[in-house]
Amino acid sequence: MSPFIAELIGTMLLILLGDGVVANVLLNDTKGNNSGWIVITTAWGLAVFVGITVAGPYSGAHLNPAVTIGLAIAGKFAWASVLPYIAAQMIGACIGAFLVWLMYYDHFQRTNDPGFVLACFCTGPAVRNYVSNIASEIIGSFVLIFVVFYVTKGEIIPTKTPIGLGSVGAVPVAFLVWVIGLSLGGTTGYAINPARDLGPRIMHAILPVKSKGSSDWAYSWIPILGPIIGAAIAAFLYMHLN
């Protein structure tokens, strides 16, 4: 498997399982309807585990443009590979969102709340204040990237060997995403990943969904720019501390 395909498949699985749990909790008449924030944050952490386990041995499993850019800023990843990785992540995110739509099609048809429908694809603020919203994404993404640097020692590179102790090596990052969701996710839904938000938001805009409403493009720059700024701050601090 090439690094490009690994990033595509890993990100696809991340979004399929991550947006999938949101659909399961929010859409009408699902088995998991109204099961709550703990279910959502737990599944997102496990989705990260799945994506890293599959993609890690072949691409390093960035699965996130903020991770890719942060590593490049820190001199741990070639700038020439940044755009191909981001392209793979975006394509994978779009495919994952499409599969969620396909999986939960009947339940999208039974759901009349446009906000719930949009949340199954992308993030949105609990309180719309762009200054505090972007600050939330910067802080959450900073925590993600800064801790990932220490978990991996900045060596998130393609390799043919298993991650750490095999798939168990993906557990620390899964726990990290879980605690970010539990602790910092209540403000904006913790995108902390531009591809995770932008790819599914594009799919929301183009897929036929009942009660779809707006794709909220006015907000879409927050989960793109915030994670990149947070990643840059994390990379610069890591470089100065090590």
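The values are calculated or read from the model by the stated rules, or taken from the named source; none is laboratory data. Everything numeric here is computed off the predicted structure, so don't read it as measured data. All Cβ positions, glycine included, derive from the backbone under ideal geometry; neighbour counts span all protein chains shown.
A few comments on the model shown:
- Evaluation of Phe77 against the conditions (1) in contact with a helix residue (DSSP H, G or I) (Cβ under 9 Å, 6 or more places away or on another chain); (2) within 30 Å of Gly213 (Cβ to Cβ) shows that the sole unmet condition is (2).
- Taken as a whole, the structure leaves Phe116 outside the set of residues that are in contact with a His (Cβ under 9 Å, 6 or more places away or on another chain), under 22 Å from Gly213 (Cα atoms), aromatic (Phe, Trp, Tyr) and modelled with pLDDT of 95 or more.
- Any hit, the stretch 65-73, residues being touching a residue at least 12 places away in the same chain (Cβ under 8 Å), in contact with a helix residue (DSSP H, G or I) (Cβ under 8 Å, 6 or more places away or on another chain), β-branched (Val, Ile, Thr) and closer than 16 Å to Val179 by Cβ: no
- Single unsatisfied condition, Ala72 versus (1) among the small types (Gly, Ala, Ser); (2) within 27 Å of Phe108 (Cα to Cα); (3) in contact with a Phe, Trp or Tyr (Cβ under 7 Å, 6 or more places away or on another chain): (2)
- So Gly36, is it among the small types (Gly, Ala, Ser) and within 11 Å of the chain's Cα centre (by Cα): no
- Some residue of the stretch 125-147 being acidic (Asp, Glu) and within 15 Å of the chain's Cα centre (by Cα): yes
- Qualifying residue in the stretch 64-87 (condition: closer than 17 Å to Ile5 by Cβ, touching a Leu at 6+ places or on another chain (Cβ under 8 Å) and of a type in the set (Val, Ile, Thr)): no
- Search result, residues across the stretch 117-134 that are part of a helix (DSSP H, G or I), surrounded by fewer than 18 Cβ atoms within 10 Å (Cβ to Cβ) and touching a residue at least 40 places away in the same chain (Cβ under 8 Å): Tyr130, Ser132
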